[in-house]
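The values are calculated or read from the model by the stated rules, or taken from the named source; none is laboratory data. Source: prediction; values computed, not measured. So basically every Cβ, Gly included, is an ideal-geometry build from the backbone, and we count neighbours across all protein chains shown. Just so you know, the surface numbers come from the protein's heavy atoms only, side chains and all, with ligands and any DNA or RNA stripped out. Shrake-Rupley method; radii C 1.70, N 1.55, O 1.52, S 1.80 Å.
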Amino acid sequence: MKSLPGLLIAAAFAALTCAVWAFLNRPAAEPPWPAHIQGFSFQPFRMGEDPTHHIMPTDAEIDADLKLFAGRINTVRTYGVNGSLGDIPQLAERHGLNVAVGAWIDNNRDSNEAQLKTAIELARTHMNVMRVFVGNEVALQGYVPLQELERYLDRARNAIGQPVGTAEPWHVWLEHPDLAQHCDFIGVHLLPYWEGVPVDIAVDYSINQFHRIQKAFPNKPVIIAEVGWPSRGRTHESAVASEANEALFLRRFLKRAEHDHIIYYVMEAFDQPWKAIQEGDVGSYWGVYNVDRVPKFAFTAAIVRVPEWHMLAAISVAVALLVLFVFFVNSVTPLRNRGRSFLALVVYAAATITVWVFYDFTQQYMTVASVVSGILLLLGMLGVVLVLLAEAYEWAEAHWVTSRLRLGPPARADGQPQPKVSIHVPAYNEPPDMVIETLDALARLDYSNFEVLVIDNNTREESVWRPVEAHCARLGERFRFFHVAPLAGFKAGALNFALRQTAPDAQIVAVIDSDYVVEPNWLCELVPGFQDPRIAVVQAPQDYRDESQSAFKAMCYAEYRGFFHIGMITRNERNAIIQHGTMTLVRRNLLESTGAWAEWCITEDAELGLRIFEAGYEATYVPATYGRGLMPDTFIDFKKQRFRWAYGAMQILKSHARELFTEKGSLSPGQRYHFIAGWLPWVADGFNLIFNIAALAWSAAIVFLPRQIDPPLMMYSVLPLSLFTFKLAKLAHLYQVRVGANIRQTVAAAIAGLALTHTIGTAVLKGLFTRGEPFFRTPKNARAQRVMQALGAARDETLIMLGLWLSAWGVSHSTTYQTRGPDRVAWIVVLLIQSVPYVSSLLVSLASAYPLPAKLLGRGYRSTVLHPPQRAEPDSLV
């Protein structure tokens, strides 16, 4: 990977990844499965069969199942006698198996009568019917009043000679002891998973409850009617569903039951996918055999959590090595070993988690709903992983590079005559005093060969543009003013008009916004960059002069600085900067030959920069301030500005998709990477908005349909939480070391950035699926918002924030047996974390309404710009 240290780091983390897989899957010796067990809970339904829809198994299918049990068990316990289930006693006789017949009792009285009569008849006519269960968890579910159940029991006891009883969880028997008077035996369910008991103590816990029931009913035989553990499903408090835990629990229990001579029925013989509707996903996975009648775990060999872990570890390593190869090989500036190690850690962790999630998804029983929801969740997870990797790569390149090859001081003039620069200043309805200040600064330039063209387009009030026109006349012939109305194309239309009016001998076009006050040395220091014929654009950062006016503007200023001190510097190394429509210089001939400014795009500046790259030319970024403008005065204007940037980015992404996503054209891989990866977080904000809407709907379903709808699995919650935490950590670190911010400024930047999440997401979705959004001008010197206006500016964000909080509260109070556990807790945390950007929007909007002093954030930023390339001292391998 370009160097021996890179190879060693990749190999070291590959070995560490394999070691982690091996450690988590070390074999555990447990008691072997007995050659012969007491019995199975037996429901013979296969994939696609469902008793709730009267889709029943055939006699041939039932017979094949019973044949599998022959010689291995004594008895099968059934739950109903309708349809082909009534043939089980007869079929079991062929294979020497006994049957504990079950009569299903629920709130359908007619069905109850039919079930009871059939069960009695089967008991009378088949010698292998050893006992009869009348109902299953009837008291727990409240299907019928206890008195009615007792009458059913009494009728069966009077009609047949075999023992008659019913089955309930152990605690129900203690709550309703009188029910035992109507039973010949006590059928107890011991399912410690549902009680959240850790698997390591689950057998002892179950046996203790068994003895409690024996003690409570000393004169009744106690039979364990169900005992088991699911192989898949949600973690329920401290109980983890897995094949390894199912094997561990059952193999330990069977040894204990054999020693204590307990009668039991293992819950259950085969997986039953149809149960997912009643019990959630976990209801499908209680079988010792899967739905295809294949054993799910080893009966005698040591237990391994994931038997296929060798393959999964190899895939994880292969995926990670591929990603690292792309990262390391395409690094323009070599990373220090610490940076490589950081990237390797993130990449191997992301690859391992991704491989595990895909593997886990493939282990479930597929339905149309599970496939659709699973694919959507997996696509979302992949999106999160891609954003995470892009963020990690930028973090590494921003901090752990050994040098900056393209970051240097401005080029020095070579003594040749200064090329003429045409400075274009577009304006629309701008305060005349502000524009005059901009023009006065241009008049003070220490560059001799330039002209200034002021283009006021579509301003209606003559009193706004006439003073500017007069001031241009006073400044002399090099300042020319144009008022044009009507003029289409927004800012791009004004710039194209200016291009047509440019002096014929002008070689360079410079653009600044009408609020920018430039430094006298701006052109003198940056124009020499064009001595290199490959350079088409020379860009200086946007900067601002009003950050001390209020806490709101100080927050905005902190947020702006990150891109120009981090993103633009890393992009510059691959000749992939974003051109900005202010403080930019461009060769005139290339501007004209590539099609001038794009009037169809509301971010015409970034679109032009990409077009120039596609033409094979270069741009350079000089990270020093040569001019300062004004920031938005209100939160709503702050949002409109970012909406325009994000919407325009999507316009560019669609229009240049062929060049960005294929090998067509002359863009380098690094340029493609930066334009795609740079906008990827914004695209993620768009899909995050969709996610939040879906989260609100999902949470409502959890609250109102808790038995049918589960919270998302924790593994799908952990990744978004990890990305959120990772991005905050990155921001905190790089703002300290690369932006020169203090802690308060860093927090302010984070809040201001988060406050725009909803706006960016909305812009991205509109940009991807619409066209022709109008250009939003950022007003200058606007009046501060009042409190009610500030609340209105963040209305949508506030409503979604309240919706997420209400959802979190509702889910936290929805505590059925299915919604307890870490999945629920993780989902609540996700809902609360997802509300943070919306809380930030409300805070920033309120900050724009109150005259809070900027000094709350501290004063000034430490200088972090390094003009000359600097080389790092050698560091350790890792």
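Here are the numbers for this structure:
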read-out	value
Hits in region 684-714 - residues which are in a helix (DSSP H, G or I), of a type in the set (Val, Ile, Thr) and more than 12 Å from GLY380 (Cα to Cα)	ILE693, ILE702, VAL703
Qualifying positions in region 435-481 - polar (S, T, N, Q) and touching a residue at least 60 places away in the same chain (Cβ under 8 Å)	THR438
Total residues in region 131-171, condition of a type in the set (Ser, Thr, Tyr) and surrounded by fewer than 16 Cβ atoms within 10 Å (Cβ to Cβ)	0
Matching residues, region 491-521, being more than 27 Å from THR625 (Cβ to Cβ), in a loop (DSSP other than H, G, I, E, B) and either of a type in the set (Asp, Glu) or open to solvent by 40 Å² or more (accessible area, probe 1.4 Å) (or both)	PRO504, ASP505
Conditions (1) hydroxyl-bearing (Ser, Thr, Tyr); (2) in a loop (DSSP other than H, G, I, E, B); (3) buried (at least 18 other Cβ atoms within 10 Å of the Cβ); number of the one not met by TYR265	(2)
ASP65 being more than 24 Å from HIS261 (Cα to Cα), open to solvent by less than 10 Å² (accessible area, probe 1.4 Å) and charged (D, E, K, R)	yes
Single match in GLY678, GLY665, GLY686 (criterion: of a type outside the set (S, T, N, Q) and on the phi > 0 side of the Ramachandran plot)	GLY665
Out of GLU451, GLU394, GLU437, sole residue that is within 42 Å of the chain's Cα centre (by Cα) and either modelled with pLDDT under 85 or outside any loop (DSSP other than H, G, I, E, B) (or both)	GLU394
Candidate set from region 413-467 (those that are in contact with a His (Cβ under 9 Å, 6 or more places away or on another chain) and of a type in the set (Asp, Glu)); member that is most open to solvent (accessible area, probe 1.4 Å)	GLU462
Residue list for region 244-259, filter: closer than 16 Å to LEU190 by Cα and either of a type in the set (Asp, Glu) or not in a helix (DSSP H, G or I) (or both)	GLU246
Scope region 715-772; condition in a helix (DSSP H, G or I), among the hydrophobic types (A, V, I, L, M, F, W, C), over 17 Å from the mean Cα position of the chain (by Cα) and within 23 Å of PHE342 (Cα to Cα); matching residues	LEU731, ALA732, LEU734, VAL737, ALA750
Within region 831-846, tally of residues that are open to solvent by less than 10 Å² (accessible area, probe 1.4 Å) and not aromatic (Phe, Trp, Tyr)	6
Complete set of residues in region 260-317 that are basic (Lys, Arg) and touching a residue at least 60 places away in the same chain (Cβ under 8 Å)	ARG293, LYS296, ARG305
Restricting region 781-830 to residues that are touching a Leu at 6+ places or on another chain (Cβ under 8 Å) and at pLDDT below 90, the residue that is farthest from LYS553 (Cα to Cα)	ASP823
Number of the exception - ALA19 against (1) surrounded by fewer than 21 Cβ atoms within 10 Å (Cβ to Cβ); (2) touching a residue at least 12 places away in the same chain (Cβ under 8 Å); (3) within 30 Å of ALA350 (Cα to Cα)	(2)
Residue check, PHE328 of a type in the set (Phe, Trp, Tyr), part of a helix (DSSP H, G or I), open to solvent by 20 Å² or more (accessible area, probe 1.4 Å) and closer than 30 Å to TRP395 by Cα	no
Any hit, region 370-389, residues being open to solvent by less than 10 Å² (accessible area, probe 1.4 Å) and either within 26 Å of ASN572 (Cα to Cα) or in contact with a Cys (Cβ under 9 Å, 6 or more places away or on another chain) (or both)	yes
Whichever residue in region 648-678 is in a helix (DSSP H, G or I), free of Cβ contacts under 8 Å to residues at least 24 places away in the same chain and not aliphatic (A, V, I, L, M) and, among such residues, is farthest from GLY767 (Cα to Cα)	ARG672
Total residues in region 667-694, condition under 20 Å from VAL329 (Cα atoms) and either open to solvent by less than 60 Å² (accessible area, probe 1.4 Å) or touching a strand residue (DSSP E or B) at 6+ places or on another chain (Cβ under 8 Å) (or both)	10
Whichever residue in region 743-767 is within 17 Å of LYS855 (Cα to Cα) and not hydrophobic (A, V, I, L, M, F, W, C) and, among such residues, is most open to solvent (accessible area, probe 1.4 Å)	ARG744
Sole residue being outside any loop (DSSP other than H, G, I, E, B) and touching a Leu at 6+ places or on another chain (Cβ under 7 Å), chosen from PRO410, PRO426	PRO426
Region 375-394 residues that are under 23 Å from ARG338 (Cβ atoms), paired with ones that are open to solvent by 60 Å² or more (accessible area, probe 1.4 Å) (beta carbon under 6 Å, 6 or more apart)	GLU391/LYS727
Subset of region 289-309 (residues that are under 30 Å from LEU343 (Cβ atoms) and surrounded by 14 or more Cβ atoms within 10 Å (Cβ to Cβ))	ARG305, VAL306, TRP309
